Amino acid sequence: MKVYGYARISRKQQSIERQIRNIKEAYPVAVIAQEAFTGTKLEGRREFDKLLKAIHPGDMIVFDSVSRMSRNATEGFELYQALLQKGIDLVFLKEPHVSTSVYREAAQKQIESIQTGDDATDELMAAITNGINRYMLRLAERQIQLAFDQAQKEVDDLHQRTKEGIETARLAGKQIGGVHGRKLNVKKAASAKEKILKYSRDFKGSLSDGECMKLVGIARNTYYRYKAELRSQRSESLSVLPRI
């Protein structure tokens, strides 16, 4: 049996070390696959695709949380079921109750039918027992589905809050998207850059350029100029760091 760990961040500017540390603390021998990938879909994750091709029945994949495997509820649950049937163990450090070992344990604890010697009674008891067993497995499946639903909900809620924030600003009379030809003063420029750093997915946030541009309330050309200046400042900061 081989133990693999999978760590994922949305942007290269984020730190992936926490996930790797958590996996290594629980499974020191884990071989880590890591990557930066933006989006909720499974398609396009090169390192994850390589991992899925390398694993064999009996191997284990460790995730820091369900959301690192998938933030798309349907895709995540389908992949979980496919890997389970293939004999792959899945471990979620933040949600241990949905690891495959729990599901397999529920399947192994099937209640055996009671034999009484009376055909009619035995048939009734078998029907009741089968119903209970199916319920136990469905209950385990539901817990797994809920975990992936929650991972997707976190992303959906973030997008919804962004849209509501933009609409609230618009109704309050705030200029959305900026006015052509209008220049921001130094104070406003600094404030705009702080918001870009906080909300843009190219830095510390998760918003696209269009969403971030509307939220900050500046013109397109100004927005991209500020992004270029922020990147330049970051490169200059890294260049002056002492070499070890």
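Bear in mind these aren't lab numbers, they're just calculated from the coordinates by the rules spelled out. Because the structure is predicted, anything quoted here is derived from the model rather than measured.
Structure above, values below:
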item: Contour minus Cα-Cα distance for Asp118 and Gln81 (0.36 nm per residue); result: 9.4 nm
item: Overall form of the range 5-52 per C-alpha gyration tensor (a/c, 1.5; a/b vs b/c); result: oblate
item: Pairs of Cα atoms farther than 16 Å apart, the range 1-99, %; result: 53 percent
item: Centre separation in Å (Cα based) which lies between the range 20-65 and the range 68-96; result: 11 Å
